[in-house]
Amino acid sequence: MLQDTLAAFAAWYDGLTGPELFWIILGFCAQFLFMMRFVMQWIYSERARRSVVPEVFWYFSVLGGVTLLAYAIHRADPVFIAGQGLGLIIYARNIYFIWAEKRNVSASDK
């Protein structure tokens, strides 16, 4: 059973072109970036003993979202494209709010 699975994987891998392999690797990297936002949120929340959304959550959201959007466009998946596109607007808006708040705090400190 395992030998058949490994043989099937090897056959699939051997059939990949360079560009196809690049896009698969990019997709996995994008998924990793996107997953890291949840890992960071979990770590911050555990430390605070309450639900916390740290600033880094939104940066990982944008990085993961942009690379997943590129992957979705390459795969020509309209559902995935729409989902990532809308998500990027929300992530960018949250980063805007964070930066605006920092500017306001900085200006009030002067």
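Which whole-number percent is the relative contact order of the stretch 19-109 (Cα, under 8 Å, 6+ apart)?
27
What do you get for Rg/Rh of the stretch 1-41 when both radii come from the Cα atoms and Rh is the Kirkwood radius?
1.19
Using only the alpha-carbon atoms of the chain, report the extent along each of the three principal axes, biggest first, to the nearest angstrom.
Its Cα atoms span 66, 32, 23 Å along the three principal axes.
Taking the chain as a Gaussian network, where each spring joins two C-alpha atoms under 10 Å apart, which residue of 69, 33, 21 fluctuates the most?
For the chain, modelled as a Gaussian network with Cα springs under 10 Å, the answer is 21.
Amide H of residue 52: which non-local residues (sequence gap of 5 or more, or other chain) have their own amide H closer than 5 Å, using H built in the peptide plane?
45
Bear in mind that the values in this text are calculations on the coordinates, not laboratory data. Since this is a predicted model, take the numbers as computed values, not measurements.
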